[in-house]
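Peer 1: Mind having a look at this structure? Questions to follow.
The values are calculated or read from the model by the stated rules, or taken from the named source; none is laboratory data. Predicted model only: the values in this text are computed from it and were never measured. Here the Cβ positions follow ideal geometry from the backbone for every residue, glycine too, while neighbour counts run over all protein chains shown. Side chains included, ligands, DNA and RNA excluded: accessible areas come from the protein's heavy atoms. Shrake-Rupley method; radii C 1.70, N 1.55, O 1.52, S 1.80 Å.
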Amino acid sequence: MDNLLAILSGLHPDVDFETANDLIDGGILDSFDLVTIVSEIDEQFGVAIPAEALTPENFNSAHALYALVERLLDE
């Protein structure tokens with residue numbers, strides 16, 4: 001989780017990603033951020049996030065995003 005928080009904080013250091021739960025719905029993350037996040041996750045975790053997983057539910061919080069990464073790692 002620390003690696004993921006570092007990725008997110010690198011994009012928006014002013015956001016508390018441990019408690020934020022409206023990253024997409026609240027407009028905190030935009031499409032450019034998503035491209036960067038997906039690329040960084042692939043690089044750091046060795047996980048490719050499929051297009052069908054690019055949903056607000058999976059990206060609205062760091063915890064939801066980390067749960068997605070863990071599910072993909074288990075596949």
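Peer 1: Is there any pair with a first residue in segment 48-75 that is over 14 Å from Val38 (Cβ atoms) and a second that is open to solvent by 90 Å² or more (accessible area, probe 1.4 Å) and part of a helix (DSSP H, G or I) whose Cβ atoms are under 8 Å apart and which are 6 or more apart or on different chains, and what are they?
Peer 2: Note: pairs meeting the criteria are Ala64/Glu57.
Peer 1: Can I ask one more? Here are some conditions: (1) assigned to a loop (DSSP other than H, G, I, E, B); (2) open to solvent by less than 70 Å² (accessible area, probe 1.4 Å); (3) not polar (S, T, N, Q). Leu5 meets all but one. Which one does it not meet?
Peer 2: Condition not satisfied by Leu5: (1).
Peer 1: Related question: Please count how many residues of segment 8-20 are part of a loop (DSSP other than H, G, I, E, B) and exposed (fewer than 12 other Cβ atoms within 10 Å of the Cβ).
Peer 2: Count: 4.
Peer 1: Restricting to segment 41-61, count the residues that are part of a helix (DSSP H, G or I) and open to solvent by 70 Å² or more (accessible area, probe 1.4 Å).
Peer 2: So the count comes out to 6.
Peer 1: With the condition kept exactly as written, say whether any residue in segment 24-40 is within 19 Å of Leu73 (Cβ to Cβ), open to solvent by 80 Å² or more (accessible area, probe 1.4 Å) and assigned to a helix (DSSP H, G or I).
Peer 2: The answer is no, given that none of the residues of segment 24-40 is within 19 Å of Leu73 (Cβ to Cβ), open to solvent by 80 Å² or more (accessible area, probe 1.4 Å) and assigned to a helix (DSSP H, G or I).
Peer 1: List the number of the failed condition for Ala64; all other conditions in (1) part of a helix (DSSP H, G or I); (2) open to solvent by 40 Å² or more (accessible area, probe 1.4 Å) hold.
Peer 2: Of the numbered conditions (1) part of a helix (DSSP H, G or I); (2) open to solvent by 40 Å² or more (accessible area, probe 1.4 Å), the odd one out for Ala64 is (2).
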